[in-house]
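Below is one structure, written out as structure tokens, with a few remarks after it.
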Amino acid sequence: MTEGAAVHGPRRFTAREAIALLSTDFTDLPDPTAPAPPRSYGPDGPLAWQGYGASRDRAAERTGEEESVVCGTATVKGEDGGTTRAVLIAFEFGFLGGSLGERTGDRLEAAHTYAREHRLPVVSLVATGGSRMQEGMRALVQLQRVARQSALTRAARLPQIAVLRDPTTGGGWATLGAGADVILALPGAQVGFAGSRVRPPDADPAAYTAEAQLASGAVDAVVPERELPEALALWLRLLTDPSTDPVPPPPALGDAGLPATGWEAVRAARAPRRPGAEAYLDASFTRRAAISGDRCGGTDEGMLCGFGTRARDGRTVAYAAQTGTATRPAGYRTAARLIRLADRLRIPVLTLVDTPGAANDAEAERQGAGAAIAELFAAVAAAETPVTTLLIGEGGSGGALALAAPDNTWATPDSYFSVIAPEPAAAILKRPADEVRATADQLRIRPQDLVELGVVRGVVERER
């Protein structure tokens, strides 16, 4: 049993088994070290580590591989018949714990270079214990090399997807894993920077699992083995479908007409049976794949983010949707992450605004509410890909405006947008409670008011 495994733990795949889950036409890339003369090290490597060469020989004989990573190209096919060609990088944990050495770095660099030259997405099937101790700092600096290649691939506007197998620890997690655009993990996989043999003695092992990383916002989804091929095929199709055309706003789903007063607008937007984000997303997309978490330790269930296939024309659209709750800092950071990714991949964005405002409790302040909102404002402002916004409920102050596209925001009849909600507005102005409704009128927050003020482009109607 290899280090870190449990008697009833997750299944451990060889590199070739992991590849076979996803494709039947995998072709190895040429070994970049084969045609070149070997480095001037002896058989025991740059440190002359006694027995290292023999360990490599045994690992090669046991696994059938010459190094800890297998790189090649493959066609990933979904259940609907759609296919995407990709570069696959699969770690062989049976080869010295899937550790990264200089030759591993050679192969990873060659794989990313091939991906850029042929405009292919990169999928990393990670299973590694970290850097190879027998090569010392020559092994550790491969992390800089890998990070450089990942950055170049990112700059080339090519998506990178990581699938975390058991175990994913050390520098492999901190580069190919955590540095990917979308991160999927197999259930029960050990995932963490610290492997089980170097953790503090009082460490909670549950914190180093795929499920814990999902809860803390570091992983987008935990995907069972049987669902992985289709999930990966969907992600590849969604992330390799650029478009320069903006998304038209969805039609209204509610039955409400335009409100006569400001307070009627507030009541319509707060109505419990009013169609919310899930209803609009279901109506807009045939298939969706969600991203989760801000990569900073947080998630917000009140902010739905991901990519989907638009029902009307089949093209990919990114979405960020508030669900009517006060938005947490993690929600703003997740939405900013989504918009930056869509912008880099040239995928249009649809945002749905529905929040009474940003969360303003003490914990939200400690989590950096102001900085998170500023980050989202900046992501929307800097986006070169078209962003379309539909106000579907409450538009509470800057916490709502941060998600709205300047000059391309629309409203449903059962929505309102306000510099601040009528109740706190009245309180700030030291007005009694019976003047809240009059204050709502003075704020001019109805959809038709917003059009007249030039805040929204128009009010969308229900489809007939």
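The values are calculated or read from the model by the stated rules, or taken from the named source; none is laboratory data. Everything quoted here is computed from the prediction, not taken from an experiment. Glycine also receives a Cβ, built like all others from the backbone with ideal geometry; neighbour counts cover every protein chain displayed.
Kindly establish whether R273 is of a type in the set (D, E, K, R), surrounded by fewer than 18 Cβ atoms within 10 Å (Cβ to Cβ) and either in contact with a helix residue (DSSP H, G or I) (Cβ under 6 Å, 6 or more places away or on another chain) or not in a helix (DSSP H, G or I) (or both).
Considered against the rule, which asks whether it is of a type in the set (D, E, K, R), surrounded by fewer than 18 Cβ atoms within 10 Å (Cβ to Cβ) and either in contact with a helix residue (DSSP H, G or I) (Cβ under 6 Å, 6 or more places away or on another chain) or not in a helix (DSSP H, G or I) (or both), R273 comes out as yes.
Quickly run through segment 109-168 and pick out the residues that are in a helix (DSSP H, G or I), more than 27 Å from D343 (Cβ to Cβ) and among the polar types (S, T, N, Q).
Q134, Q142
Hey, among the residues in segment 420-447 that are under 21 Å from G458 (Cα atoms) and among the basic types (K, R), which one's surrounded by the most Cβ atoms within 10 Å (Cβ to Cβ)?
My answer is R446.
Restrict the check to segment 28-38 and report whether at least one residue is farther than 23 Å from E117 by Cβ and more than 32 Å from the chain's Cα centre (by Cα).
yes
In segment 231-255, what residues are buried (at least 16 other Cβ atoms within 10 Å of the Cβ) and charged (D, E, K, R)?
R237, D241
Residue check: is G393 touching an Asp or Glu at 6+ places or on another chain (Cβ under 7 Å) and either at pLDDT 95 or above or of a type outside the set (F, W, Y) (or both)?
yes
Please count how many residues of segment 128-169 are within 24 Å of T14 (Cα to Cα), out of contact with any Gly (no Cβ under 7 Å at 6 or more places or on another chain) and of a type in the set (G, A, S).
0
T299: over 13 Å from the mean Cα position of the chain (by Cα), hydroxyl-bearing (S, T, Y) and outside any helix (DSSP H, G or I), yes or no?
No: the conditions fail for T299.
Give me the residue from segment 26-51 that is touching a strand residue (DSSP E or B) at 6+ places or on another chain (Cβ under 8 Å) and at pLDDT 95 or above and, out of that set, surrounded by the fewest Cβ atoms within 10 Å (Cβ to Cβ).
By that ranking, first place goes to T27.
Out of everything in segment 159-195 that is over 18 Å from L22 (Cβ atoms) and of a type in the set (A, V, I, L, M), what residue ends up being nearest to the chain's Cα centre (by Cα)?
Across segment 159-195, the extreme among qualifying residues is A178.
Within segment 416-453, count every residue that is in a loop (DSSP other than H, G, I, E, B) and over 25 Å from P275 (Cα atoms).
Looking only at that region, the number is 5.
Looking at (1) small (G, A, S); (2) surrounded by fewer than 23 Cβ atoms within 10 Å (Cβ to Cβ); (3) within 14 Å of the chain's Cα centre (by Cα), find the lone condition where G331 falls short.
(2)
What is the number of the single condition among (1) assigned to a loop (DSSP other than H, G, I, E, B); (2) out of contact with any helix residue (DSSP H, G or I) (no Cβ under 7 Å at 6 or more places or on another chain) that E365 does not meet?
(1)
Give me a count of the residues in segment 400-432 that are modelled with pLDDT of 95 or more and of a type in the set (G, A, S).
7
Each row is one residue, and each column tells you yes or no for (1) of a type in the set (A, V, I, L, M); (2) in contact (Cβ under 8 Å) with a residue 24 or more places away in the chain; (3) in contact with a His (Cβ under 7 Å, 6 or more places away or on another chain); (4) surrounded by 16 or more Cβ atoms within 10 Å (Cβ to Cβ).
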site: G179; (1), (2), (3), (4): no, yes, no, yes
site: V191; (1), (2), (3), (4): yes, yes, no, yes
site: A203; (1), (2), (3), (4): yes, no, no, no
site: A207; (1), (2), (3), (4): yes, no, no, no
site: L214; (1), (2), (3), (4): yes, yes, no, yes
site: A221; (1), (2), (3), (4): yes, yes, no, yes
